[in-house]
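Please read the structure below before turning to the comments.
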There are 4 protein chains.
Amino acid sequence: MELWYTENQNDDLRFSCRVTRTLHVEKTPFQHLAVLETPCFGRVLVLDGIVQTTVWDEFMYHEMIAHVPLNTHPRPEKVLIIGGGDGGTAREVVRHPKVKNAVMVEIDERVIAVSRQYLPELSRGLDDPKLELRIEDGIEYVTKHPGEYDVILIDSPDPIGPAKGLFGRQFYEGVAAALKEDGLFVAQTESPLFNPDLIAEIYRNLREIFPIVRLYLTCVPTYPGGMWSFTLASKKYDPLEVKPEDIPALPYRYYNAEIHRAAFALPQFLQEILRRA
Amino acid sequence: MELWYTENQNDDLRFSCRVTRTLHVEKTPFQHLAVLETPCFGRVLVLDGIVQTTVWDEFMYHEMIAHVPLNTHPRPEKVLIIGGGDGGTAREVVRHPKVKNAVMVEIDERVIAVSRQYLPELSRGLDDPKLELRIEDGIEYVTKHPGEYDVILIDSPDPIGPAKGLFGRQFYEGVAAALKEDGLFVAQTESPLFNPDLIAEIYRNLREIFPIVRLYLTCVPTYPGGMWSFTLASKKYDPLEVKPEDIPALPYRYYNAEIHRAAFALPQFLQEILRRA
Amino acid sequence: MELWYTENQNDDLRFSCRVTRTLHVEKTPFQHLAVLETPCFGRVLVLDGIVQTTVWDEFMYHEMIAHVPLNTHPRPEKVLIIGGGDGGTAREVVRHPKVKNAVMVEIDERVIAVSRQYLPELSRGLDDPKLELRIEDGIEYVTKHPGEYDVILIDSPDPIGPAKGLFGRQFYEGVAAALKEDGLFVAQTESPLFNPDLIAEIYRNLREIFPIVRLYLTCVPTYPGGMWSFTLASKKYDPLEVKPEDIPALPYRYYNAEIHRAAFALPQFLQEILRRA
Amino acid sequence: MELWYTENQNDDLRFSCRVTRTLHVEKTPFQHLAVLETPCFGRVLVLDGIVQTTVWDEFMYHEMIAHVPLNTHPRPEKVLIIGGGDGGTAREVVRHPKVKNAVMVEIDERVIAVSRQYLPELSRGLDDPKLELRIEDGIEYVTKHPGEYDVILIDSPDPIGPAKGLFGRQFYEGVAAALKEDGLFVAQTESPLFNPDLIAEIYRNLREIFPIVRLYLTCVPTYPGGMWSFTLASKKYDPLEVKPEDIPALPYRYYNAEIHRAAFALPQFLQEILRRA
């Protein structure tokens, strides 16, 4: 049967994958939520018609959003995750040996429930005793927890609708305040190919708030263009000064000490976007 | 008007981009050849129903197939390009200051003619006085030119149909013979995500022929999964030993000294594919 | 969410409808079976990747396969349905006032079970006391019941795979034998636009077996081209001689006395196909 | 190459046909205009992203818009065509033996020019000496020609944008005024399946202006749902009273005397739409 999930990556570009069946379809109070079974990517989580994650390539995203900042901080003991309802980021955080306590703040509890049911590979970290789960608005949460965190990870959907605030300067100031004085944070910051203006704006904003701001890249084949960016902003520690020998030897699938460094090597066009930012 | 080019990247995955019009459609003696005008990627060259290159992202491929090997060799004076009828690889080769003479061997002269007509951004290198153009079979060509080249670039389509021979061990032995005793070559070697077995096989074959074999990566958004591999095999020079200061300061758009090094940092899953190869 | 069911109506033609969710997906011993929920057509039954029927337009098919032959026969008391597992044809047959007894022979009991669960608008006729349901091969069934039926309805899928035998001359001879001496039968005989050769072949075969053979048309928007044919072959009664006043006044949605007659008016190109048959 | 024209027939329904190449693409002062070459339908004329006509099935539309009204009028000597820039309707009109003079009023001369170049099968009627071609607005034209025509044919695109006025009551009053006292006209009135409200509204309006109003049907496979309606409104002659022997024996492909009558037999659901209108 020709059943296809299609994503309009923009008005002129579409990505389609065959679907075996829908495992779950729901309109939550916050968004349209679906889990699809696909022959190409295994199970796929779709929010408001956009692929959030797939069992096939989620590691390229989740390892990179988590281990780059966790290994940049010498003592990432207290970690905050904003968003990330599927659990993939939490799974990476709780397996880091230095993390003692993690809080995950997700606004839509249905994402968590559905991920627990259909995406155990991602959601298993949600039951780790290190992790505290809170169903509330991440933007409000950070304002109420000043100076508390070593590392904050912003694992948000695209800057459309409810997630838009997670890409704004005001929120970043709240994040800076929620960090300890040597804290650092990372946000997923979309595609350098399709969202260069957003990346430049975030970079510009963060440069005014943090002394160290660095963009790094991963590949997520199911995201538009494959190339995906994270922006790391830090009060003290520089991700380029991490020593390979300090990176814990976990069973990674994407990340490793070489990738930690190489991810910060930016293509020329992207260096120029940041230079002009 | 909803006119869409669709590529079945595999049985379960499709990539589609809107088309404004077809600029050229032809059945050559070797393949189906089309040039499409698209709002998303500008002009797109399609061979046998597969995107070969687009004006929008070709630099991510062509700079990387050319400058990594050219800068690995201290005197890349005599260069052979096999395939690459669109001219993008030739354009990069002829602008390298150390290249004195380049031969490009393309089997299908219609690709060259159509690229000259519709893709001037790519084909302009074809008229460079340093470049000699030959319309013949690349596999045969290498067997007739032993010990002649410093650097050979294999810019082939996917290993289907006529291009299949360009991925086989016998051809690689011919390439090794066509290189001087300190020569090196690079081939585009498909997607690490969708063709890991091919990559492993090529790697295994080349390890038996060359002392130095290294895989490196680029991002080509219009290729399946975005992540794309090249394999560099060298008789003497190691691309990891290139000094940044020896890389000529050309106006690159993707490549630069940091990317030269970072491109060889492989994700963990890919290191394991090569380890098991 | 952009989830689409696509049917390749031929190599160059596709029909797609949005899908809200899959209600059922199964590989039965005979075929791939799915029920989809769609905003455009309500629930859709798909066998081996081909739309069989939709809640939205099924009446245009089921009323026409049933009431045209039932009203052509003056006493359609004993009726055989071959195929029709969704129950739509049976529903029309059992509500005809002159039908006393109907047997439905369907090879795949899973179609019946799934239709009972998800397509009650179609399957409700299956529980009528007039109807006897038999899970067996229709081709074999007719050979074992000579001279038994007034009217036989062949409600088959496309002539691909298992259903192919239901379009062959040998089967039609069996059907003729299973009819009483004044019996008649109807088969769905595909698209006049896309399958003219099949229609001509069936027509030619039936003309050699039955004195009266007539093609008639309906519109089924979810079938290729919209225009759909039935072939009626009769030992004695002519559908063109039915008197409007003899047609029972049931609550039809497509069929009526005018349509009974008009359905046999064939476009010129189709008359010529039959003339040359 | 997978190049597909797709028509979003509504938000939830798509029709796609493979395209070999674009023959013409243009933005005229009135609309987007394209001619596509397709393996399935031959050349296809597309206006504002909607298939207007294809070489493959145009006869099912053009014969039916022309010959039903022309044969309903005993002396269809003076005929007005509004729209119909492709020329297919004109071709049918000028070959009717009783037509002495036809005027075709098309607002967009580019449609005519492009049809002359790429669609000779349709446009050849445009050069007939009986035909006078006028490039102007049809709505204005009728107001300036009271009591002049025996038969008027409204061959318009869908009631979106500029063509909207061609479906309004005011225009129909103008058409009535442009007809002689025993004149009649036909308009294409969209799909009974997807536009029942429009059909009901037109029917209601025309019933207040003309004593005889009848809907008839054809099949146009490349239009949504395949089933397509025309509405005929007449001051004196009834299409149901046409005698088969009065229909001229032209080489038709769809129309014939039986179809003339049968086209007015409406499915029950459509009779009820008109009854409630």
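Laboratory data are not the source of any read-out in this text; all were calculated from the coordinates shown. This structure is a prediction, so every number in the text was calculated from the model and none was measured. Every residue, glycine as well, gets a Cβ built from its backbone with ideal geometry; the counts of neighbours run over all protein chains shown.
For the range D:4-52, count the residues as N, evaluate 2.2 N^0.38 Å, and divide the Cα radius of gyration by that value, please. Working shown, then result.
Values: Rg = 10.8 Å, N = 49, 2.2 N^0.38 = 9.7 Å.
Dividing the Cα radius of gyration by 2.2 N^0.38 Å gives 1.12.
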Seminar exercise, completed: Taking A:PHE185, D:PHE264 and counting other beta carbon atoms within 10 angstrom, the fewest-first order is D:PHE264, A:PHE185
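Starting with the fewest neighbours, write out A:SER229, C:SER191 ranked by other beta-carbon atoms found within 10 Å of each beta-carbon. Don't skip to the end; give the middle numbers.
Details: A:SER229 24, C:SER191 21.
Lowest count first: C:SER191, A:SER229.
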Problem set entry | Shortest-first distances to equivalent copies, position C:ASP11, nm, label 7 Å out along Cβ | 2.0, 3.5, 3.7
Exercise. What Kirkwood hydrodynamic radius do you get for the protein assembly as shown when you take the inverse of the mean 1/r over all pairs of distinct Cα atoms, in Å?
Worked result: 33.4
Exercise. Shortest first, in nm, what separates the label point of C:GLU245 from those of the same position in the other copies (7 Å along Cα→Cβ)?
Worked result: 2.8, 10.8, 11.1
Seminar exercise, completed: Using the Kirkwood radius over Cα pairs of the range B:198-272, the Stokes-Einstein translational diffusion coefficient at 20 °C and 1.002 mPa s, in µm²/s and rounded to a whole number, is 156
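For B:LYS235 and C:ASP12, what is the calculated FRET efficiency with R₀ set at 41 Å and r taken between the beta-carbons, to the nearest 0.05? If you can, show how the numbers build up before the last one.
Values: r = 51 Å, r/R0 = 1.25.
My answer for the efficiency is 0.20.
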Exercise. Treating the beta-carbon of each Lys and Arg as +1 and of each Asp and Glu as -1, no other charges, what is the dipole magnitude of the protein assembly as shown about its Cα centre, to the nearest 20 debye?
Worked result: 0
Exercise. Over the Cα atoms of the range C:67-190, Rg to Rh with Kirkwood Rh, two decimal places?
Worked result: 0.94
Exercise. Under the definition of Cα pairs under 8 Å and six or more residues apart, what whole-number percent is the relative contact order of chain A?
Worked result: 16
For this session: Note down the magnitude of the dipole of the range D:4-52 about its Cα centre, charges +1 on Lys and Arg C-beta and -1 on Asp and Glu C-beta and zero elsewhere, to the nearest 20 debye.
Result: 240
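Note down the magnitude of the dipole of the range B:1-147 about its Cα centre, charges +1 on Lys and Arg C-beta and -1 on Asp and Glu C-beta and zero elsewhere, to the nearest 20 debye. Can you show the working numbers first?
On the way: 17 positive and 23 negative charges, 119 e Å.
Charge dipole of the range B:1-147: 580 debye, to the nearest 20.
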Seminar exercise, completed: A correct fewest-to-most ranking of C:THR89, D:THR231, A:THR6 by other Cβ atoms within 10 Å would be A:THR6, D:THR231, C:THR89
Seminar exercise, completed: The rounded separation in angstrom of the Cα centers of the range A:43-121 and the range D:193-225 is 57
Exercise. What are the nm distances, shortest first, from C:ASP182 to its equivalents in the other copies, labels at 7 Å along Cα→Cβ?
Worked result: 4.8, 10.3, 10.4
Problem set entry | Cα-based shape type of the range A:124-251, given that a ≥ b ≥ c are square roots of the gyration tensor eigenvalues and the cut on a/c is 1.5 | rounded
Problem set entry | Percent of beta bridges antiparallel (DSSP, chain B, rounded to nearest 5) | 65
Exercise. Within the range C:262-277, whose backbone N sits under 15 Å from a point 7 Å along Cα→Cβ of D:ARG253?
Worked result: C:267-273
Exercise. Say each of A:ASP182 and A:GLU26 gets a label point 7 Å from the Cα, pointing the same way as Cα to Cβ; how far apart are those two points in nm?
Worked result: 4.2
Exercise. When the label point is put 7 Å from the Cα of B:GLU148 along its Cα-to-beta-carbon vector, which residues of the range B:158-182 have a backbone N closer than 11 Å?
Worked result: B:178-179
Problem set entry | Charge-dipole axis of chain C as Lys and Arg at +1 and Asp and Glu at -1 on Cβ define it, positive-most pick from C:ALA262, C:THR20, C:TYR118 | C:ALA262
Seminar exercise, completed: Nearest-0.05 FRET efficiency for D:ASN101 and D:ASP246 at R0 = 25 Å, using Cβ-Cβ distance, is 0.75
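Within the set of other residues whose C-beta is less than 12 Å from the C-beta of D:LEU198, count the net charge using Lys and Arg as +1 and Asp and Glu as -1. Please list the in-between numbers first.
Details: positive: D:LYS164, D:ARG204; negative: D:ASP158, D:GLU190, D:ASP197, D:GLU201.
Neighbourhood net charge equals -2.
Let me know the volume per residue of the alpha-carbon convex hull for the range D:58-276, in Å³. Walk me through the numbers on the way to the answer.
Working: hull volume 24.3 nm³, N = 219.
Dividing the Cα hull volume of the range D:58-276 by its residue count gives 111 Å³.
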For this session: Could you tell me which residue in chain D puts its beta carbon nearest the axis mapping D onto C, with the distance rounded to whole Å?
Result: D:GLY226, 1
